[in-house]
1. Residues in the stretch 77-91: is at least one among the aliphatic types (A, V, I, L, M) and at pLDDT 90 or above?
2. Can you name the residue in the stretch 18-60 that is modelled with pLDDT under 90 and among the charged types (D, E, K, R) and is also farthest from Lys87 (Cα to Cα) among such residues?
3. Using the structure shown, decide if Ala25 is without any contact (Cβ under 8 Å) to a residue 60 or more places away in the chain, surrounded by 11 or more Cβ atoms within 10 Å (Cβ to Cβ) and under 12 Å from the mean Cα position of the chain (by Cα).
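The values are calculated or read from the model by the stated rules, or taken from the named source; none is laboratory data. Everything numeric in this text was worked out from a predicted model, so none of it was measured. For neighbour counting, all protein chains shown are included, and Cβ atoms are generated from backbone atoms with ideal geometry for every residue, glycine included.
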Amino acid sequence: MKTSEIKTMNTTALAYLGDAVYEVAIRKFIMETGQRNADRLHQITIQYVRAEGQAKAMKKLVNELTEEEQALARRARNRKITSIPRKMDPFIYKWATAFEAFVGYLFLLEDQERLDWFIDKAIAVINEHGA
């Protein structure tokens, strides 16, 4: 896929991919802690993959992104939402969508170093502030 195609891709599609990429990264991170109980693994994972945690991380990290990356995050955050999960704050949902779209964007660009940096920083923010 061409870089130009990735940079103009629908942010909802990027978020769709980013959600899966981030979930796998978090599951790997949690497994590396040595936890082996499946129920406990799931409970720990939830704090990192919840929209609230993703939104906090994105808000905290957005100023560390390049102008181009910020533009993508802004485009994802400002995209019209057609459906929001029940009992979800639309503001949080939009920031979480920006987070996931950014992860999908980095994944498609195959910028593993930047993706690892972002996920590591997000984990640190969530650990510091909770989800």
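1. Quick first cut of the stretch 77-91, residues among the aliphatic types (A, V, I, L, M) only: 81, 84, 88.
With the extra rule that they be at pLDDT 90 or above, the set shrinks to none.
Within the stretch 77-91, none of the residues are among the aliphatic types (A, V, I, L, M) and at pLDDT 90 or above.
2. Going through the qualifying residues, I end up with Arg36.
3. On the way: without any contact (Cβ under 8 Å) to a residue 60 or more places away in the chain: no; surrounded by 11 or more Cβ atoms within 10 Å (Cβ to Cβ): yes; under 12 Å from the mean Cα position of the chain (by Cα): yes.
Here the answer is no, as Ala25 does not meet what is asked.
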